[in-house]
Structure formats: C-alpha cells, structure tokens
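Chemist: The structure that follows is given in the form of structure tokens.
The values are calculated or read from the model by the stated rules, or taken from the named source; none is laboratory data. Keep in mind the model is a prediction, meaning the values are calculated, not measured. Virtual Cβ from ideal backbone geometry, glycine too; neighbours counted across all protein chains shown.
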Amino acid sequence: MINCIIIDDDPVSINLMKHFITSTEGLNFVEAFSNPIAGVNYIRKNAATTDLIFLDVEMPEMTGIEFLESFKELPPVILITSKEKYAVKAFEHKVIHFLVKPVEYGKFLKAVERVFKINEADNNQHLDYIFIKENGVLSKIMHKDIIYCEALGDYVKVHLKEKTHVVNSTMKNIEDKLKMNKQFMRVHRSYIINLNFLENFDAETSIVGGHIIPIGNKYKANLQARLNII
C-alpha cells in the first residue's frame, strides 16, 4: 500500500485528488494540507512512512518549487499546477510526474503507475527469496539455494541441491522474479542459471552444480561479458 499526502491550497483540487486516491487500489490517503508549511513539518517527522506526495506549485507562503528546494531528499513527488511553464523546473528536482489542472483520472493513473513500478522494483531488490506454488502449497525458496531453472512446456522446474520443484509458470515470469538478483542469468531460452554454481563453460555448454546446461547463441556474449574472464 502506497501512503499518500496532498499539499495544495485549493480545496476543490484537494477533494478531487483525494477522490482519485481513495478510488485507486494500492493507494492509501493519509492527510491533506492546505498550508505548505504544515506539509513541511509533517514530512520532517513522517518522511519514512510517506510514499507519495501530491504537491501543488502555486501556493501562498511557500511555492511547490520552494518546497522541493527545502529538502535534500523527499519521497516521490507528483507536481500539480495550472501552468505548464513549471514543468522544466519540476523535473530539475526529479519529480515523478507533472499533472496540469484540471487533472483527469486517466492522467492521474498514468502518473501513479510510475510510483507502483518504482515501489515494486524496490521491494523485489531487497528480497533474497521467492515463494512458489506447488500442489496448492506455497513454499519459500531462498535465492542462494536455486541452482538453475528449466522450462518444461507449461511448467518450470526449479532445481535445488536436494530437491526439484515443478511449478505452473513461464520462464519469463520466473526471470522477472529473479532479475533483481544479479546472480541469476538466462543462458538459453529454456534455462536460467545461478552464476554461483557455474563451474565451467565452453562455446555450447556449461556445467552448473554438476549439471550440463546448454548455452544459446543469443546469450553467449552476455554471459562472457558478465564474468571475470582472464
């Protein structure tokens, strides 16, 4: 769940953004501030639990740009304004997206989709395991225990040291789940290997944890570039 706050002096805009947030699965409306200084004070205390800020540009006492300039680091920000001229300045501060009033839900959704993707990538990057479903049971598999994955029709065999799991999945799905961990690499259309178990390889085959794994022509160059070859 992505915790959202709104900082905007326009009550109509606040109500609209609140409606969009509460109507969108995965977003959680936390609080709205019509005074940007109150928003600054909130962020200083709650930055760690704030995942997304919807920030207006033209506000009394402090503009949205001044708000951005007052912090070295901020949670992701989507800037909202009635004037497109602020776009360049906004992206200098690495805002996630820029919405022009009146905001349409389609454009709102496109903006928050970027945040969902960043959030998903951050979550996956810190995981060192996957859960696989086999015979109705979810089993936790540590990345370090996976030797290689092998395509088998509509299934994928996940080979561990002492066991092999057969899951109803595609290789693309498995690859997406493992791609944030650099120890895994696709070496063939039917094989993903754990480089920690790679023992040796030549032009066509490799030995991974004592198993012979073919190397596809299109993957050869990437494999060689990835390894410390002397």
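Chemist: State all residues of segment 29-52 that are surrounded by fewer than 18 Cβ atoms within 10 Å (Cβ to Cβ) and of a type in the set (Ser, Thr, Tyr); if no residue qualifies, say none.
Modeler: Of everything in segment 29-52, those that are surrounded by fewer than 18 Cβ atoms within 10 Å (Cβ to Cβ) and of a type in the set (Ser, Thr, Tyr) turn out to be Ser34, Tyr42, Thr49.
Chemist: Write out, first by first residue and then by second, each pair whose Cβ atoms fall under 7 Å of each other, whose residues are 6+ apart or on separate chains, and whose first residue, in segment 179-193, is in contact (Cβ under 8 Å) with a residue 12 or more places away in the chain and on the phi < 0 side of the Ramachandran plot while the second is basic (Lys, Arg) and surrounded by fewer than 22 Cβ atoms within 10 Å (Cβ to Cβ).
Modeler: Within 7 Å, the pairs are Met185/Arg226; Ile192/Arg186.
Here's the yes/no breakdown for (1) within 25 Å of Ile213 (Cα to Cα); (2) modelled with pLDDT under 95; (3) in the same structural domain as Val100 (by TED's automatic domain parsing); (4) among the polar types (S, T, N, Q):
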position	(1), (2), (3), (4)
Val137	no, yes, no, no
Met142	yes, yes, no, no
Ala151	yes, no, no, no
Val158	yes, no, no, no
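Chemist: Does segment 3-28 hold any residues that are buried (at least 18 other Cβ atoms within 10 Å of the Cβ) and among the hydrophobic types (A, V, I, L, M, F, W, C), and which are they?
Modeler: Passing the criteria: Cys4, Ile5, Ile6, Ile7, Ile14, Leu16, Met17, Phe20, Ile21, Leu27.
Chemist: I'd like to check something: does segment 127-144 contain any residue that is of a type in the set (Val, Ile, Thr) and in a helix (DSSP H, G or I)?
Modeler: Within segment 127-144 (the criterion being of a type in the set (Val, Ile, Thr) and in a helix (DSSP H, G or I)), the answer is no, since none of the residues qualifies.
Chemist: Separate question: If the requirement is being among the β-branched types (Val, Ile, Thr), touching a Cys at 6+ places or on another chain (Cβ under 7 Å) and within 18 Å of Asp145 (Cα to Cα), which of these qualifies: Ile213, Ile207, Ile192?
Modeler: Details: Ile213 fails: touching a Cys at 6+ places or on another chain (Cβ under 7 Å); Ile207 fails: touching a Cys at 6+ places or on another chain (Cβ under 7 Å).
Result of the check over Ile213, Ile207, Ile192: Ile192.
Chemist: Being more than 27 Å from the chain's Cα centre (by Cα), surrounded by fewer than 11 Cβ atoms within 10 Å (Cβ to Cβ) and of a type in the set (Val, Ile, Thr) is true for just one of Ile212, Ile207. Which residue is that? Show your work before the answer.
Modeler: Values: Ile207 fails: surrounded by fewer than 11 Cβ atoms within 10 Å (Cβ to Cβ).
Answer to the selection: Ile212.
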